[in-house]
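Inspection log for the structure reproduced underneath, given as structure tokens.
The values are calculated or read from the model by the stated rules, or taken from the named source; none is laboratory data. Predicted model only: the values in this text are computed from it and were never measured. As a convention, Cβ positions derive from the backbone with ideal geometry for all residues, glycine included, and neighbour counts pool all protein chains shown. SASA here: full protein model, heavy atoms, side chains in, ligands and nucleic acids out. Shrake-Rupley method; radii C 1.70, N 1.55, O 1.52, S 1.80 Å.
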Amino acid sequence: MSRGRLSRISIATAMAATLLSTAACGVGGSGNDNDAKQPEKSGKVSGEISFRTLQLKPTFTTYVQGVIDAFQKKYPDVKVKWEDVPGDGYNEKLVADAQAGALPDVVNLNTDSFQLLADRGMLADVAKLDPAVQKDYVPGAWDQYKLPGKEGVFAYPWYVTPEILTYNKDLFAKSGLDINKPPTTVEQFFDYAEKITEKSGGKYAAFMADPKSRLPGDWQKMGVPVLNEKKDAFSFNTPKAVEWVERMKELYAKGAMPKESLTKSDDTSQLYGADKLVFGPGSPGFIRDVKANAPKVYAKTQVQKAVTGVLGHIGIYTQSLGVRKDTKSPDAAAEFAKWVTNGPNQVAFSKEVAIYPSNAKGLADPYFSDKGDGKDPETLARALGAEELKEAQLDANTPVEWTSQIGDAVVREMQKAVKGEVDAKTALAKAQEEANKILAQQAKQKK
Amino acid sequence: MAQIAGTDRGAATVAKGADRVPGPPGARETRRLKKELGQESGLVHRRWWTPYLFLLPGLVLVVLFSLWPFINTVILSLTDAQILRGGGFVGLDNYVRALGDDTFWLALVNSVVYTVVVVPCLVFLPLALAVLVQKKIPGIGFFRSAFYTPVIASAVVVGLMWQWILRSDGLVNTVFEKLRLVSEPVPFLTDSTMLLVSAMIVTVWKGLGYYMVFYLAALGNVPTSLYEAAAIDGAGPVRRFFSITVPTVKPMMLLVGTLSAISALRVFTEIYILGGESGGPGGDSRTLPFLIRQVGLGFAGETGYAAAISILLFLLTLVFSVLGHRLSKGDES
């Protein structure tokens, strides 16, 4: 064999070996649960920290920069490096950074990303970092950042958007319903929808079908046990859930919901703004959209507390700030996260956009109890949302076990049943079986 | 020979060689000539790695962004890896699981049916369109551009537009109802079969202009004398199309067939935008890429299993590519 050929072979072999070893890193290198230790505070608030937010630029640049500047003024030894990432691909970037060990020191998390990073042991226990801080937050919000089977609280609660009920007063009254008597249970909500459909003549629908946004909330409000007592298996296949499916199917066939909303619900504001939907978006933020895009419909909008059924209260979904477990500046990171989520800063943020503070003192600010003359939907939504939040509890939240995979599997079966392709009992039995299969698989992979 | 006769001495050597052995020089002779020329001119370096040096930038990109991810996918497919959790080796378990999974077969059938329907449309319709717009008539440039517009339009915009056209209270259903062609709206987006058909229409509509450009290039190479001769012989337009146009653009048709098969197998956006996150009602319109995304993404994503389905999709793509290659080989022979 010639010398040139030999060196060619050896170079090719070396390249292949390098490639394979780096490729293998992609698998094993991501590692199992992070074994970084809980950071210890030194008592000195200093150092450079990175801070990542979710889609706040450019609308809230002035506000966020103001909060950062004030913090840096208070702690001159700290430098905060702010980075804002757009909503599209936020989670993917987070995963990629976590994989590469490049998570920011303080990071904005939603429910899903919080659960993943906390479950993988990548977030610091903030209750240990600062045991006194718990009293600052609304109890429901603080408890949201505990994880089943893990000791500790893994993020600081930030802003909240509560669930409310909005409807078009004119179309409501046209159906013979009292505009001041909103539905309070899921069953009543369905009855109202039926009356609306009878009078609509096909010109407008009552509500959006999308089971993804209705479940498991509707079942919880009807008293359906989503999980068994040990929380190791789903148990929603009950007569009450069958009743839910049957009612949905009946109403869908009658035209109470836009046909396409069974698979998509991204145009709720649009349909509501065009007088084609009676029950509008269930979030105060969307009311502002309606105000801007459909002022005539905004004037006809009635705001009430959300349907809570047997629970009597809403769930609580806050954005949060997590602190990277292996941060080099735990004092600065924890102090900064606390600063961003403190009462005055959260109240100031809530005045910029229709959100609410998770901070107890912030929520007690008179701004949130002012109902004005009781006629402006946006002001009313703010006051009602704040009232609801004070009583919000975690049992109305989607359980941690209801992952997106499980939610999708259940939703697929429900779509078939609502369309009438499969009967309610069969669909529920299959949905529960699928959900438990995925749950068992996920539990096996966690071990 | 002239191309290597770059110097006087080289030319003389070639002439000398030609005297001795008539015809082109053998490999040894050529090597000797090149060696002499190289030494003489000092321009040709025969270090074996020189060409690789030029290839290096491209090779690095290919290795980093194509080869490495591919190998990583193969390795991942043999593990039970999850998002942010490195997996252990599980052998062929993921493949066995896929083959025993009804959802995998549903997605596979949907992907194959999608390809089988879309490919012939994308092979023949753009050809017809190209023949039409190739004619030199006033204002044809406008039509050429118009047909190409869907190609540059974003997939999301196209999807939303078609959603408005096809929904129960959309343009098509309103027209059908006004003309009393239907009593109930056609469930273009709420029936799984109709949703697949709707997505196919969007794919074909979007691909027409793209492949039309391919055919326009191919048609430009057909000598007009052929058409003139055929016309003199009495061949009509249809005869000329099948006897001249089709045979001359046949290699391009095979290329378009292969390319459109590959992109049809990768269809995702159309179904996602028209049928929502679940992939149509009950998820019955999911294709293989849709399933891969559903299984592998999200915070509970099973990266290992998704990688195995990706490899199976790759093999399926390979089948269609080999088929295209075989057909073109057969055509050449």
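Data table
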read-out	value
Of A:Ala306, A:Ala409, A:Ala173, the one that fluctuates the most in a GNM where chain A has Cα springs shorter than 10 Å	A:Ala173
CD proxy at 222 nm, helix term only [per DSSP H run n ≥ 4: -39500 (n - 2.57); per residue of chain A; nearest 500]	-14000 deg cm²/dmol
FRET efficiency, 1/(1 + (r/R0)^6) with R0 60 Å, evaluated for B:Leu171 and B:Ser243 via beta carbons	0.90
Magnitude of the charge dipole, the protein assembly as shown, Cβ model with Lys/Arg +1 and Asp/Glu -1, debye to 20	2580
Where trypsin sites (Lys or Arg not before Pro) fall in DSSP loop in the stretch A:175-208, at most 11 other Cβ within 10 Å	A:Lys203
Protection proxy ranking of B:57-67, A:137-147 - average other beta-carbon atoms within 10 Å, highest first	A:137-147, B:57-67
Amide N of the stretch B:294-332 lying under 12 Å from the label point, which is placed 7 angstrom from the Cα of A:Lys444 along Cα→Cβ	none
Point-charge dipole on Cβ atoms (K/R +1, D/E -1) for the stretch B:82-209, about Cα centre, debye to 20	680
Estimated FRET transfer efficiency when R0 is 45 angstrom, pair A:Lys231-A:Asp84 (beta carbons, to 0.05)	0.75
Positive-pole candidate from B:Trp105, B:Ala306, B:Phe214, dipole of the protein assembly as shown, charges at beta carbon	B:Phe214
Summed side-chain charge close to B:Val197 - residues other than B:Val197 whose Cβ falls under 14 Å, Lys, Arg +1, Asp, Glu -1	-3
Cut-off of 10 Å, at most 10 other beta carbons, DSSP loop: longest stretch of chain A lacking such GluC sites (Glu not before Pro)	A:230-447
Magnitude of the charge dipole, the stretch A:182-244, Cβ model with Lys/Arg +1 and Asp/Glu -1, debye to 20	160
Kyte-Doolittle mean at least -0.5, axial Cα span of 15 Å or more - DSSP H helices of chain B	B:50-62, B:102-134, B:140-152, B:155-166, B:192-220, B:246-265, B:303-332
Shielding by other protein chains, B:169-179, mean Cβ within 10 Å	1
Which listed pairs, of A:Lys203/A:Lys254; A:Lys305/A:Lys390; A:Lys174/A:Lys300; A:Lys296/A:Lys351; A:Lys150/A:Lys444; A:Lys195/A:Lys264, have C-alpha distances above 20 Å, in listed order	A:Lys296/A:Lys351; A:Lys195/A:Lys264
Cα gyration tensor category, rounded, prolate or oblate, for chain B with a/c compared to 1.5	oblate
Within the accessible area of chain B (1.4 Å probe), percent carbon and sulfur	68
Rough spin-label spacing in nm, given labels placed 7 Å along Cα→Cβ, for B:Trp105 and A:Asp130	5.7
In Å², nearest 10: area of B:Phe143 left accessible to a 1.4 Å probe	100
Kirkwood Rh in Å, taken over chain A so that all alpha-carbon pairs contribute	24.2
Buried on assembly, the stretch A:389-410 (at least 30 Å² less accessible surface than by itself, 1.4 Å probe)	A:Gln405
Heavy atoms of B:Leu312 accessible to a 1.4 Å probe, total area in Å² rounded to 10	30
C-alpha center-to-center spacing [the stretch A:300-332, the stretch A:67-86] in angstrom	24
Lysine pair count for the stretch B:93-332 [Cα-Cα under 25 Å; pairs on different chains or 8 or more apart]	6
Mean separation of Cα contacts under 8 Å, 6 or more apart, over the residue count of the stretch B:93-332: relative contact order %	30
Computed FRET value (nearest 0.05) for B:Glu184 with A:Glu246, which takes r as the C-beta separation and R₀ as 22 Å	0.50
For the protein assembly as shown: rounded, prolate or oblate by the Cα gyration tensor [a/c cutoff 1.5]	oblate
Estimated [θ] at 222 nm from DSSP helical runs (n ≥ 4, -39500 (n - 2.57)) normalised by residues in chain B, nearest 500	-22500 deg cm²/dmol
Simple label model, 7 Å out from Cα along Cβ direction - A:Asn110 to B:Ser154, nm	1.8
Sites matching trypsin sites (Lys or Arg not before Pro) across the stretch A:251-356 that sit in DSSP coil, with at most 11 neighbouring C-beta atoms within 10 Å	none
Area buried, chain A against chain B - accessible surface, total, 1.4 angstrom probe, square angstrom	4000
Cut-off 10 Å between beta-carbons: net charge of the residues surrounding A:Gly152, Lys and Arg +1, Asp and Glu -1	+1
Contour minus Cα-Cα distance for A:Gln270 and A:Asp77 (0.36 nm per residue)	64.6 nm
Virtual spin-label span in nm between B:Val213 and B:Trp49, 7 Å along Cα→Cβ	4.0
Residues in the stretch A:412-428 occluded by at least 20 Å² - accessible area, probe radius 1.4 Å, against chain by itself	A:Arg412, A:Gln415, A:Lys416, A:Lys419, A:Glu421
Gain on full stretching of the segment that runs from A:Asp326 to A:Asp69 - 0.36 nm per residue minus C-alpha separation	90.0 nm
Test item: B:77-87 mean partner chain Cβ contacts at 10 Å	6
Global form of the stretch A:287-417, assessed from the alpha-carbon gyration tensor, a/c cut-off 1.5	oblate
For A:Leu227, distant residues with modelled amide H under 5 Å away	A:Ser235
